[in-house]
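Please read the structure below before turning to the comments.
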Amino acid sequence: RTALYNYIYAKKYGGSFILRMEDTDQSRLVPGAAESIEDMLEWWAGIPPDESPRGGGQYGPYLQSQRLSLYSQAADSLVQTGKAYHCFCSQQRLELLKRDALRSGQTPRYDNRCRHLRPDQVEEKLDQKVPHVIRFRLESGVEPFNDLVFGWNRHEVAQVEGDPVVMKADGFPTYHLANVVDDHLMKVSHVLRGSEWLISTSKHLLLYRALGWKPPVFGHLPLLLNRDGSKLSKRQGDIYIQSFQRSGALPEALLDITTHCGSGFNSNRVGRKMEELIAEFNPSKITTHSALLDLGKLAEFNKIHLQQRIDDAVQRDWLVRDLQGRIQEVYGTQVQDQDVLQPDYITRVLHLRKGHISSVSDLVSSEYSYLWVRPSFSDQQMAALSSEIQHIATLVIRYVP
């Protein structure tokens with residue numbers, strides 16, 4: 001959903017939509033996840049990135065794990081100018097600090113101990129190959145910034161946080177450094193991201209200032225929540241795009257319900273397609289309150305967009321091919337009359353059931369099996385229905401034109 005708003009913003013104002021994969025936390029890396037993200041973006045309402053790991057671009061590579069030398073250069077620059085320092089605190093010491101803070105009812109924070117080491121002490125530890133990270137010196141006097149959504153903001157992070165790690169012991173950067181370096185080198189002008197990053201933006205602006213770079217314009221999108229106000233979670237399983245795809249949801253229906261429950265558009269009507277969303281997009285109308293996503297209404301949205309597809313000749317041909325495959329998959333050899341697989345017949349079925357079904361998959365349910373499979377009943381089954389079954393059958397045949 002955040003990618004969607006970035007895409008719409010870029011296309012509204014003639015920019016490029018950039019997809020960058022932040023894979024610096026190698027312990028949480030999922031094989032194939034990067035390819036899956038691009039696949040889903042392209043399937044979901046067709047929002048292919050202009051620049052990405054798969055498609056490349058002028059400012060690649062677009063996988064952060066392939067840009068480590070760039071982050072190392074930036075970190076070294078910060079150390080040389082006194083804006084950052086080497087920290088040799090062990091994990092055990094950091095755990096003790098955290099435990100003590102929690103025991104006294106305080107928010108855990110680093111005590112900035114290593115920022116006070118003398119140069120000779122630092123050199124000695126480096127010569128001894130003592131494991132270390134690089135921390136950024138937080139300063140007071142943060143300048144306010146005008147967020148596209150939340151307006152003027154300013155957070156004195158130095159008063160509530162310890163100096164943050166920008167380069168880990170394994171040579172990988174943290175998000176704070178990597179996103180600043182990449183946004184600068186990729187000439188990113190606007191960043192739309194989740195509101196959970198709003199408080200960290202002042203920290204990032206301090207990094208931009210320390211590196212002597214101009215920051216992009218930031219806009220922080222309100223959270224997307226479940227209908228009951230609970231947070232959407234990957235643990236729900238069924239909120240993955242792949243789950244909706246398998247269930248027969250149309251990408252444009254998912255696009256429509258996602259934007260309909262949010263804000264940022266001049267109207268809030270149902271049934272909009274991508275070109276209409278781009279035309280109606282208005283960043284000044286994005287509200288700060290969270291958007292409630294009622295997935296119970298997805299079937300209705302899907303029904304509307306399915307009708308639009310049936311009425312469109314090109315899209316209807318795709319539906320026919322899709323339904324042909326589903327019929328063969330579900331009923332297989334039970335289909336005795338191959339005429340039911342002909343495009344003309346399936347097209348007639350789609351038009352007749354238009355407005356009654358929410359998904360093409362509905363048409364291969366048992367409720368509609370009569371459309372594809374010839375009913376077969378034994379004499380005993382027929383007799384069980386009525387003692388006058390033969391007489392009824394004779395009358396039906398007589399009156400069929």
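Points to keep in mind about this one:
- Test set (1) small (Gly, Ala, Ser); (2) assigned to a helix (DSSP H, G or I); (3) out of contact with any helix residue (DSSP H, G or I) (no Cβ under 8 Å at 6 or more places or on another chain) - Ala74 fails condition number: (3)
- For segment 272-298, a residue qualifies if it is open to solvent by 30 Å² or more (accessible area, probe 1.4 Å) and not charged (D, E, K, R), and the qualifying residues are Ile278, Ala279, Asn282, Ser284, Thr287, Thr288, His289, Ser290, Leu292, Leu295, Gly296.
- Test: residue in segment 129-138 that is more than 17 Å from Gly171 (Cα to Cα) and loosely packed, with under 14 Cβ neighbours inside 10 Å: no
- Subset of segment 82-117 [closer than 18 Å to His176 by Cα and among the hydroxyl-bearing types (Ser, Thr, Tyr)]: Tyr85, Tyr110
- Of the criteria (1) free of Cβ contacts under 8 Å to residues at least 24 places away in the same chain; (2) assigned to a loop (DSSP other than H, G, I, E, B), which one Ile357 fails: (1)
- Of all the listed residues (Pro215, Pro144), the sole one being open to solvent by 20 Å² or more (accessible area, probe 1.4 Å), in contact with a helix residue (DSSP H, G or I) (Cβ under 6 Å, 6 or more places away or on another chain) and on the phi < 0 side of the Ramachandran plot is Pro215.
- If only residues of segment 1-42 that are in a helix (DSSP H, G or I), hydrophobic (A, V, I, L, M, F, W, C) and crowded, with 18+ Cβ neighbours inside 10 Å are counted, the one that is modelled with the lowest pLDDT is Ala34.
- Hey, Arg269 in a loop (DSSP other than H, G, I, E, B), open to solvent by 30 Å² or more (accessible area, probe 1.4 Å) and either at pLDDT 90 or above or not acidic (Asp, Glu) (or both) or not: yes
- Any chance Leu96 is at pLDDT 95 or above, closer than 30 Å to Leu192 by Cα and of a type in the set (A, V, I, L, M, F, W, C): no
- Subset of segment 372-386 that is among the hydrophobic types (A, V, I, L, M, F, W, C), at pLDDT 75 or above and over 25 Å from Arg326 (Cβ atoms) - its residue that is surrounded by the most Cβ atoms within 10 Å (Cβ to Cβ): Ala383
- When the criteria are applied in full, Thr347 fails the requirement of being at pLDDT below 85 and either touching a helix residue (DSSP H, G or I) at 6+ places or on another chain (Cβ under 9 Å) or open to solvent by less than 90 Å² (accessible area, probe 1.4 Å) (or both).
The values are calculated or read from the model by the stated rules, or taken from the named source; none is laboratory data. Since we're looking at a predicted model, the values are computed, not measured. Methodologically, a virtual Cβ is constructed for each residue, glycine included, from the backbone with ideal geometry; neighbour enumeration extends over all protein chains shown. Side chains are part of the model used for accessible areas, which takes the heavy atoms of the whole protein and leaves out ligands, DNA and RNA. Shrake-Rupley method; radii C 1.70, N 1.55, O 1.52, S 1.80 Å.
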